[in-house]
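Here's the structure we're looking at; comments come further down.
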Amino acid sequence: MVNWTPGFPIWNGVQIGVILALGWGVWQVGLLARMVWGREEGLPWEAWVYSGLGILWQGLWAVAIWQGVPPLIRFTAWNLAGVVLSLLPMGALLWIGRFLERRLPRWALLLMGLGAGVALIAATLPYRPETGPALSAWWNTRRIPGDPVLWSWGIREGIWGIGTALGLGWLGWAYLHIHRPLHRNRVAYEFLGAGLVALGEGLAWTPRSDWIALGWGIRGIGITILALPMGWLELPSLRQVGRSLLAWGLSGILQIGLVWGILAGAAAARASLPGVVPVGLEWGGIALAIVLAQWWIGWPLHRWLRRRLLPAVDEPAAAVRRYGQTISNLLDVEALAQAAFTVLQETFGLRQGVLLLFEEQPDASLQARVIRGLGEAPDDPGRFAPDSPILQAWQEGRSLTQYEIDFGKAFQRADPAERRWLQRLGVELFVPIRAQAVLLGCLALGARSGAEAYSPADRDLLASMAEQTAAVLQNIHLVEDLRRLNARMAELNEDLARAARRLEKLDRVKTHFIEIASHELRTPLTHIRGYADLLAETLSGQDEPDGSLERILQGLRRAALRLEEIISAMLDISQIDAEALSIYPISIQIPTLVRMAVEPLEGAIAERRQKLIVEPMEGLPVIYGDLTRLVQALRHVVQNAIKFTPDGGTITLRARRVSAEEAGGSTDYVEIAVQDTGIGIDPEDQALIFEKFYRVGPIERHSTGAIKFKGAGPGLGLPLARGIIEAHGGRIWVESPGYDEVRCPGSTFYIWLPVVSRSED
Ligand code: ADP
């Protein structure tokens, strides 16, 4: 039978092995405590299972080698330690699954349960009648060849081996498939730790106590390394450490070789030239040669090695300058992202990178737009809560690695969706772009070439590049705003032009209508007048004229006259529209013009019991124009004043000279103002009343009639007046505080006519 307990040395009565085993168990408890303390959200149960099994295993070992404990208990403890040891890789697999954030499939868990059962059964094989209940008795009756102890051992070792190989394989696979250097480094720790643990546990299967003790040591180191990524965020890069060691090692060998060569050369020289060179000189020469060789060869070689093995940006200042020059004049974000990442690729050798641009949303969250720089990138935008710890870090200007975001304590409370979206970008480092403490975006950089992590120096360099990017981005935003504004303006212009075209068309339709209507109405009207005249003649020939018929006839004539007026106004308007109004100019005295305009209206004014005041008009210049037309225009304005002033109101006419200076031009004007105490005109109607057919307010408010209060015509008077006055180079407009039929604020119409001498015309 195989000796089942290795003999640990006893020193001064102290059982070294037990102390070792228990000490190791305590160490693992300490590690567990550190892991718990180092994490915010508590240690995952997988870690508890694994550590628990490890501690149990060590405890069982301590009992198994404890001299003085009854042999049966020791034997049982030793046997169970073997079971627990074969279970340990299963715990490790759970741990690794948790670590890689992958769930073990159900069948794997089932297989583990099966393995545990087999290990337990196998543990009962080596029992013999003298040690306890015997499966081995059954074994012997069946005459199965070999020692049950060996079988038991072999089975459990096999289970342990398979589990360990699976765990290591899984980690190795993960290492090869993870391309983010920091994540990879984390896996590398786990791989190294698991490898050492496997080696240590492997040694525990050997029967030699010194190997077993060594195995515990190795396992202790392994389990410590295994626990590091669970309890610590920032881990030195294993690759860096390895390469650094390699650089120093190689360079050390080179230096030694160099010194050795010099010494050998000196020895050879001494042998060929014995006693020629004094000893002091010889040693001095050797020292000088060593210093020079070190200076010229050794140190440059060391630096070269370090540069090869530990890459860094050659000339950071030049890189920043190049970056700035490349992006400074760009005016759209796509071009910016392309150019920026081209330079970043040259500088850091990355293969993946995007520009993130943040836009604040109505709900205060930020939307991140992805602008492609290098490699593939998802198109859908990301969303960050206003209180996202990731966003906060960026707002403070801190660059973050995906690794920090994934494993950092502070970021665990971030919305998992935010983290997942960032993970999908496949980048390694996020460098915030800020202007005046406002977060504009991020440079999101993929892994450096050679799967190196970004060093603190790299991050500094990138921070200054981000600053330059911020300036360019602000520029782009300004230009974009301007472009948007321009586009909007162009749109509005187009709308305006469309509206103008429509109005023009409408206006043409109106003109057309006036033309046709006036022509078509004229002929029947002439007939009506003709027949009315004929009727009048016939009536006058009768001996006893019929009074009622005469009244009817008069009404007929008045109506025909009014109609004629309207038609002739329509004709005039159509002439004005066609710019075909004929003007026959003569010299005109303003008082004459006013008198001629007002005289025919005196009857109406009297009828309405209104007062007409014509203020003295002396010393006014003579104007030059078509008297009939101007009388027509002015009369219309006065007629309106009569119409829209209640009975008993006052109409005042005033005239004055307006100097060129006051008029803001080069000609003097004569101003004729017609002021009334009427109902007034709303400011918004004041320009419109000069348009054809425009009437203020609803039609029911008006009565018909040439002089009746509020008697409205077809809305042609003022357009006609304006047409005539403008044809003379003048202007007409109205001023009124507003429309009010009760308080009657009144209106004043101003007519300006240019003072032109005959020679100027
Ligand atoms: P109408 O043939 O209706 O008189 P006008 O072109 O002469 O047409 O005037 C247009 C409209 O302007 C009138 O219907 C009236 O509402 C308003 N209006 C013109 N003159 C005055 C005024 N002196 N006071 C108040 N409203 C006026």
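Just to be sure, is Ile583 surrounded by fewer than 14 Cβ atoms within 10 Å (Cβ to Cβ), closer than 17 Å to Gly729 by Cα and in contact (Cβ under 8 Å) with a residue 40 or more places away in the chain? Criteria met by Ile583. Scanning segment 710-732 for residues that are within 11 Å of the ligand (Cβ to nearest atom) and part of a loop (DSSP other than H, G, I, E, B) returns Lys710, Ala712, Gly713, Pro714, Gly715, Leu716. Restricting segment 666-682 to residues that are closer than 21 Å to Gly723 by Cα and either in a helix (DSSP H, G or I) or not β-branched (Val, Ile, Thr) (or both), the residue that is farthest from the ligand (Cβ to nearest atom) is Asp668. Residues of segment 9-26 being touching a Ser or Thr at 6+ places or on another chain (Cβ under 8 Å) and modelled with pLDDT of 80 or more, which ones? The answer is Gly17, and nothing else. Residues of segment 733-752 that are more than 11 Å from the ligand (Cβ to nearest atom) and touching a helix residue (DSSP H, G or I) at 6+ places or on another chain (Cβ under 7 Å): Ile751 alone.
Whenever a residue of segment 675-698 is more than 18 Å from Val638 (Cα to Cα), its partners that are within 7 Å of the ligand (Cβ to nearest atom) and modelled with pLDDT of 90 or more, lying with C-beta atoms within less than 6 angstrom and at least six residues away or across chains, give the pairs Lys692/Pro719. Scoring Asp676 on the criteria (1) at pLDDT 95 or above; (2) more than 20 Å from Val696 (Cα to Cα) leaves a single failure, condition (2). Of all the listed residues (Ala364, Ala293, Ala337, Ala317), the sole one being surrounded by fewer than 18 Cβ atoms within 10 Å (Cβ to Cβ), farther than 30 Å from Gly242 by Cα and without any contact (Cβ under 8 Å) to a residue 40 or more places away in the chain is Ala364. Do you know which of the residues in segment 621-658 that are of a type in the set (Val, Ile, Thr) and part of a strand (DSSP E or B) is nearest to the ligand (Cβ to nearest atom)? Among those residues, the one meeting the criterion is Ile651.
Being in contact with a Leu (Cβ under 9 Å, 6 or more places away or on another chain), touching a residue at least 60 places away in the same chain (Cβ under 8 Å), of a type outside the set (A, V, I, L, M, F, W, C) and crowded, with 17+ Cβ neighbours inside 10 Å is a description that does not apply to Gly426. If you go through segment 384-406 and pick out every residue that is more than 18 Å from the chain's Cα centre (by Cα) and assigned to a helix (DSSP H, G or I), you end up with 5. Of all the listed residues (Leu462, Leu482, Leu496, Leu473), the sole one being of a type outside the set (Lys, Arg), over 30 Å from Ala340 (Cβ atoms), in a helix (DSSP H, G or I) and at pLDDT 85 or above is Leu496.
Just one of the listed residues (Thr652, Thr667, Thr645) is of a type in the set (S, T, N, Q) and modelled with pLDDT of 95 or more, and it is Thr652.
The values are calculated or read from the model by the stated rules, or taken from the named source; none is laboratory data. Only a predicted model underlies this, so the values are computations on that prediction, with no experimental measurement involved. Glycine gets a Cβ as well: all are built from the backbone with ideal geometry, and neighbour counts include every protein chain shown.
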